[in-house]
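The values are calculated or read from the model by the stated rules, or taken from the named source; none is laboratory data. Note that this is a predicted model, so its numbers are computed, not measured. Quick reminder, even Gly has a Cβ in these numbers, built from the backbone with ideal geometry, and neighbours come from all protein chains shown.
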Amino acid sequence: MEKIKQALEQARQQRESASQMSAGEVVPPAEIVYTKTQSVEGSPAIMREHRLISTMESGEYTDAIKMLSTQVLQRMEENHWSSIAVTSPRANMGATTIAINLGLSIAREIEYTVLIVDANLRHPGVHEYFGIQPNYGLSDYLSDDLELSDVLVNPKGINHFVILPAGTPTVMSSELLKSPKMCNLVEELTARYPKRIIIFDLPPVLETADALSFMPCVDASLLVLEDDETREADLTRTVELLSVTNIIGTVLNKSTT
């Protein structure tokens with residue numbers, strides 16, 4: 001239990017440190033021209049509403065996200081990891097926002113590209129943060145005979161960043177996520193581009209079996225907690241269940257201090 005408290009305190013300190021960072025000069029990554037991946041116009045207004053850093057000026061929040069992405073990249077480079085799952089103990093703790101903004105921040109690095117996969121097959125949501133309506137997604141790819149290029153989407157104007165939407169909602173989510181085709185997909189995605197970081201936005205750990213079904217397929221996980229809302233018992237149980245993978249760290253979200 002003491003380790004859990006230390007993790008929470010560390011998350012608070014990291015957030016406070018991020019607010020003190022000064023913004024340095026940002027060198028934009030080289031532009032990619034997508035030929036097979038669909039480029040779709042998103043909604044800047046909707047992206048701003050969901051606090052995506054691609055629509056925000058530099059400040060305390062964007063600095064905190066930059067701090068997070070730097071630490072995540074350092075851990076992943078040290079261990080030669082390329083895939084990470086973002087999840088939380090319960091719903092509405094902000095895991096999807098953290099997953100997307102983590103990807104957007106990493107995509108600003110010159111040598112990296114990012115693929116964010118919406119693995120919440122029961123309640124898809126990543127595409128809504130960009131104001132786009134894809135025709136197909138992950139559930140359709142896993143269930144039907146689709147090419148990977150049929151389900152990948154690049155929001156126009158956001159370079160080095162591609163989305164694999166969840167697709168048609170399904171109650172067979174756990175079965176699809178632990179299927180051989182899903183793990184084969186992860187292997188294919190990680191092997192295709194050596195400098196690609198793949199971020200999986202997963203459902204809450206304690207509310208369905210989906211996250212646990214999929215965890216063995218990824219290198220690491222990032223746990224999002226909600227300040228003053230995450231119960232100690234929930235956190236303890238979540239950490240126990242995530243022992244099947246490498247917990248890269250915790251994010252204390254919605255903090256007012």
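Some points to look at:
- Residues being touching a helix residue (DSSP H, G or I) at 6+ places or on another chain (Cβ under 9 Å) and either over 23 Å from residue 192 (Cα atoms) or hydroxyl-bearing (Ser, Thr, Tyr) (or both) - total across region 66-93: 12
- Residue check, residue 232 at pLDDT below 95, over 23 Å from residue 177 (Cα atoms), touching a Ser or Thr at 6+ places or on another chain (Cβ under 8 Å) and of a type outside the set (A, V, I, L, M): no
- Which listed residue is crowded, with 17+ Cβ neighbours inside 10 Å and aliphatic (A, V, I, L, M), from 233, 220: 220
- Residue ID - surrounded by the most Cβ atoms within 10 Å (Cβ to Cβ), chosen from residues in region 155-176 that are among the polar types (S, T, N, Q) and either at pLDDT 95 or above or more than 17 Å from the chain's Cα centre (by Cα) (or both): 173
- Among (1) among the small types (Gly, Ala, Ser); (2) surrounded by fewer than 18 Cβ atoms within 10 Å (Cβ to Cβ); (3) at positive phi - the single one residue 179 does not satisfy: (3)
- Unmet requirement for residue 10, which otherwise passes all of (1) in contact with a strand residue (DSSP E or B) (Cβ under 9 Å, 6 or more places away or on another chain); (2) loosely packed, with under 15 Cβ neighbours inside 10 Å; (3) modelled with pLDDT under 90; (4) under 27 Å from residue 182 (Cα atoms): (4)
- Taking every residue in region 192-215 that is of a type in the set (S, T, N, Q) and pairing it with any residue that is surrounded by fewer than 23 Cβ atoms within 10 Å (Cβ to Cβ), at least 6 positions away or on another chain, the pairs with Cβ-Cβ distances below 6 Å are 213/174; 213/178.
- Condition broken by residue 191, with the remaining ones in (1) under 19 Å from residue 139 (Cα atoms); (2) of a type in the set (Gly, Ala, Ser); (3) surrounded by fewer than 23 Cβ atoms within 10 Å (Cβ to Cβ) satisfied: (1)
- Boolean, residue 56 is in contact with a helix residue (DSSP H, G or I) (Cβ under 9 Å, 6 or more places away or on another chain), free of Cβ contacts under 8 Å to residues at least 40 places away in the same chain and not polar (S, T, N, Q): yes
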